[in-house]
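Asker: Here it is, the structure in full.
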């Protein structure tokens with residue numbers, strides 16, 4: 001289960017008591033410049049295979065997607081249309097690579113490659129068509145989540161941008177529609193536990209009547225294996241909820257909002273029909289802060305963000321089953337921190353401000369706290385974009401001493 005929302009180097013504002021941790025044994029390795037001069041890693045799987053995107057050394061060149069099966073061996077991936085740009089944003093443990101490429105008319109659409117055959121042309125994922133016939137397909141597709149069984153979730157988009165939630169399965173480019181046509185529901189996440197061959201899909205859907213978001217779950221549990229859509233239960237007084245994660249045990253994490261004024265609280269659903277557990281306070285934080293649910297792993301543990309009395313956005317690790325929380329502070333001397341992802345062995349990938357007011361890649365664990373990954377090649381800036389599900393590898397981007405943006409990967413101790 002992986003969503004693609006946090007694949008960014010942008011930091012959230014934060015302020016906290018900094019942890020002075022031991023120096024990390026992790027060391028960045030550059031992926032090279034075979035695909036371009038300015039690069040970033042965007043995803044990594046349990047085998048350390050990394051994918052990302054480069055910008056060539058020309059102002060008019062297209063972006064180039066690439067894969068590195070071993071550290072430092074960047075290989076460009078071919079585009080869908082010659083001369084047009086692509087980006088690779090996800091790779092699962094089977095080596096399926098997901099991303100997007102521009103078509104001849106400059107519209108970007110979702111595509112897949114495979115790390116075992118990096119020279120093979122990408123395959124475009126089909127959009128919804130009239131009665132599923134393939135006739136009159138919609139304008140383009142976009143990927144928002146993936147699992148480790150080669151299933152991708154995303155949306156088919158009309159010419160006016162109206163979204164229909166869909167799944168694509170291994171060996172097929174045809175979409176399975178999982179929401180009503182043009183209802184603008186969007187998959188937030190999918191898990192790795194199929195029911196009648198279909199994983200559970202967590203959807204965020206608009207409520208046109210109220211303007212609020214409705215969190216839903218789609219499962220193939222109906223009579224004769226039909227798809228059933230279930231709105232998740234909202235707590236008393238809530239004006240609406242969104243969902244961000246679903247794990248293999250079909251536990252879910254999200255955020256519910258309460259009015260006058262709007263106060264978000266992170267919530268955890270033990271199952272799709274349960275009343276959610278609310279997180280309204282965090283240990284060591286005064287008052288009732290604004291709390292957002294970011295990511296849930298297969299251990300049932302979560303990372304949340306919260307806003308303190310100074311308006312700073314901070315991070316915390318939440319165990320819903322016990323109600324306990326732990327603060328995740330920036331690096332020593334820093335006041336900004338950004339969440340990237342959470343592995344299944346409870347390692348949190350981060351980008352933090354350091355004492356020199358530069359971005360620096362870091363990880364957090366309950367035992368070690370927030371620990372920096374040393375800067376790369378004499379540079380002063382770095383940031384993570386991904387962590388492998390098993391918590392062994394992290395990937396991202398780092399500036400070297402010449403100001404070049406390098407795609408990087410590191411093995412965690």
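We did not get these values from a lab; they are worked out from the coordinates using the rules stated. Being a predicted model, the structure only gives us computed values, none of them experimental. A quick note on method: Cβ atoms are made from the backbone with ideal geometry, for glycine too, and the neighbour counts reach across all protein chains shown.
Asker: Looking at the stretch 27-141, what % of the alpha carbon pairs are farther apart than 18 Å?
Answerer: Here the long-distance tail beyond 18 Å is 49 percent of all Cα pairs in the stretch 27-141.
Asker: Let me ask another. Given a Förster distance of 30 Å, report the FRET efficiency between residue 183 and residue 260 from their Cβ-Cβ distance, rounded to the nearest 0.05.
Answerer: With R0 = 30 Å, the Cβ-Cβ based efficiency is 0.55.
Asker: Ok, one more. Grab the alpha carbons of the stretch 299-351, take their convex hull, and tell me the volume per residue in Å³.
Answerer: It comes to 80 Å³ per residue, whole-number rounded.
Asker: Let me ask another. Counting only C-alpha contacts under 8 Å and six or more residues apart, can you give the relative contact order of the stretch 2-411 as a whole percent?
Answerer: 17 percent
Asker: Of 231, 389, 329, which has the largest mean-square fluctuation in a 10 Å C-alpha GNM of the chain?
Answerer: 231
Asker: At 7 Å along Cα-to-Cβ for each site, give me the label-to-label distance between residue 249 and residue 366 in nm.
Answerer: Reported label-point gap for residue 249 and residue 366 is 1.3 nm.
Asker: Label 7 Å along Cα→Cβ of residue 73; the stretch 362-392 residues with amide nitrogen under 20 Å?
Answerer: Flagged as within label range: 388, 392.
Asker: Determine the gain in length on full extension of the stretch residue 120-residue 358; use 0.36 nm per residue of separation and subtract their C-alpha separation, reporting nm with one decimal.
Answerer: Net length gain for the segment: 81.7 nm.
Asker: Place the peptides 82-92, 316-326 in order of packing, highest mean first, counting for every residue the other Cβ atoms within 10 Å and averaging per peptide.
Answerer: 82-92, 316-326
Asker: Let me ask something else. Going out from 0 in 5 Å bins, what whole percent of all Cα-Cα distances in the stretch 124-244 drops into each bin?
Answerer: Here the calculated profile for the stretch 124-244 is 2, 12, 21, 24, 20, 13, 6, 2, 1, 0.
Asker: If you don't mind, another one. Testing the spin-label approximation: label points 7 Å from Cα along Cα→Cβ at residue 223 and residue 160. State their distance in nm.
Answerer: 3.5 nm
Asker: Using a Förster radius of 45 Å, what is the FRET efficiency between residue 103 and residue 321 based on their Cβ-Cβ separation? Nearest 0.05, please.
Answerer: For R0 = 45 Å, the calculated efficiency reads 0.45.
Asker: For the chain, set up a GNM with springs between Cα atoms under 10 Å and report which of 390, 310, 93 has the largest fluctuation.
Answerer: 310
Asker: Of the listed peptides 283-289, 264-270, what is their order by residue-averaged count of other C-beta atoms within 10 Å, with the highest listed first?
Answerer: In descending order of packing, they fall as 264-270, 283-289.
Asker: Suppose each label sits 7 Å from its Cα in the direction of the beta carbon; what would the residue 286-residue 411 distance come out to in nanometres?
Answerer: Distance between the two pseudo-spin positions: 4.8 nm.
Asker: Could you give the semi-axes, largest first, of the ellipsoid that matches the stretch 2-411, computed as the square roots of 5 times the alpha carbon gyration tensor eigenvalues and rounded to whole Å?
Answerer: 31, 30, 17
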